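Chemist: Got a structure for you, written out below as structure tokens; questions coming shortly.
The values are calculated or read from the model by the stated rules, or taken from the named source; none is laboratory data. Predicted model, so just to flag it, every value in this text is computed and none were measured. We place every Cβ from the backbone using ideal geometry, glycine too, and count neighbours over all the protein chains shown.
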Amino acid sequence: MGVLSDRDIVDEVKIEPFEKGVHRPGKISYGVSSYGYDVRVGREFKIFTNVHNVVVDPKNFSASSFVDHVGDECIIPPNSFALAETMEYFEIPRDVLAICVGKSTYARCGIIVNVTPLEPEWRGRVTLEISNTTPLPAKIYSNEGIAQLIFLRGESVCEVSYADKRGKYQDQRGITLPKVVAASS
């Protein structure tokens, strides 16, 4: 696998809206980087709550596990978690895999961003998993950088893409909760 440069990203990966990597004083950076793209977090968040005392079960997930929040900032409670969505929409080429890593500005504050890889031919807005690992409330800023996608090109085109598999998170818009497809009989 090889890493895509900023020129390759511009030419091959569909990103809307697309932002160049320019200096933005007072903002957490976003846009094109050397070998990736720094994504922005949107204004909608789902913050974990224990108000309803539900069990977190990926096979039977309850939306009552979250409290919805919309705003320019989001406070994640201590040792808690939130879901959000990127402002950007992506279309990943068939010979490319994207890996998401958190930005150091947040990581140095104990805020961890986790996203599973964006597989070849995946399309949509990325649902972000944001963990506050600290014993203090943590602030997230909407419309600013939150994580970086690193794009890797395969030595050959994959045999089966995410689109070919009809992946369950294909074309997602809005914060997408976990889902497990029922077994067919």
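Chemist: Starting from segment 29-56, keep only residues that are without any contact (Cβ under 8 Å) to a residue 12 or more places away in the chain, then list their pairs with residues that are crowded, with 19+ Cβ neighbours inside 10 Å and among the hydroxyl-bearing types (Ser, Thr, Tyr) whose Cβ atoms are within a distance under 9 Å, requiring at least 6 positions of separation or different chains.
Modeler: Asn50/Ser65; Val54/Ser65; Val55/Ser65; Val56/Ser65
Chemist: Taking Val41 and the conditions (1) within 18 Å of Ile140 (Cβ to Cβ); (2) in a loop (DSSP other than H, G, I, E, B); (3) in contact with a strand residue (DSSP E or B) (Cβ under 7 Å, 6 or more places away or on another chain), which numbered condition does it fall short on, given that it satisfies the others?
Modeler: Result: Val41 passes all but (2).
Yes/no per residue for (1) part of a loop (DSSP other than H, G, I, E, B); (2) crowded, with 20+ Cβ neighbours inside 10 Å; (3) charged (D, E, K, R); (4) at pLDDT 95 or above:
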| position | (1), (2), (3), (4) |
| --- | --- |
| Cys100 | no, yes, no, no |
| Cys109 | yes, no, no, yes |
| Thr116 | yes, no, no, no |
| Gly124 | no, yes, no, yes |
| Ser131 | no, no, no, yes |
| Pro135 | yes, no, no, yes |
| Lys139 | no, no, yes, yes |
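Chemist: For segment 66-83, give me each residue that is assigned to a strand (DSSP E or B) and either modelled with pLDDT under 95 or of a type in the set (D, E, K, R) (or both).
Modeler: If the condition is that a residue be assigned to a strand (DSSP E or B) and either modelled with pLDDT under 95 or of a type in the set (D, E, K, R) (or both), then Phe66, Val67, Asp68, Glu73, Ser80, Phe81 are the ones that fit.
Chemist: Oh, and also: Would you please list the contacts, defined by Cβ atoms under 8 Å and residues six or more apart or on different chains, that run from a residue in segment 116-127 that is farther than 20 Å from Val157 by Cα to a residue that is of a type in the set (Ser, Thr, Tyr)?
Modeler: Note: pairs meeting the criteria are Gly124/Tyr89; Gly124/Tyr169; Arg125/Thr86; Arg125/Tyr89; Val126/Thr86; Thr127/Tyr169; Thr127/Thr176.
Chemist: Looking at segment 11-29, can you tell me whether even one residue there is modelled with pLDDT under 85 and part of a helix (DSSP H, G or I)?
Modeler: Scanning segment 11-29 turns up at least one residue that is modelled with pLDDT under 85 and part of a helix (DSSP H, G or I).
Chemist: Inside segment 44-65, can you point out the residues that are part of a loop (DSSP other than H, G, I, E, B) and either among the aliphatic types (A, V, I, L, M) or in contact with an Asp or Glu (Cβ under 9 Å, 6 or more places away or on another chain) (or both)?
Modeler: Selection gives Val51, Val54, Val55, Val56.
Chemist: Shifting gears a bit: Looking at Pro77, Pro25, Pro120 in this structure, which one is within 25 Å of Leu177 (Cβ to Cβ) and surrounded by fewer than 17 Cβ atoms within 10 Å (Cβ to Cβ)?
Modeler: The unique qualifying residue is Pro77.
Chemist: Is one or more of the residues making up segment 162-184 out of contact with any Lys or Arg (no Cβ under 8 Å at 6 or more places or on another chain) and within 19 Å of Tyr30 (Cβ to Cβ)?
Modeler: no
Chemist: Determine, yes or no, whether Phe90 is outside any loop (DSSP other than H, G, I, E, B), under 21 Å from Glu16 (Cβ atoms) and aromatic (Phe, Trp, Tyr).
Modeler: In short, yes.
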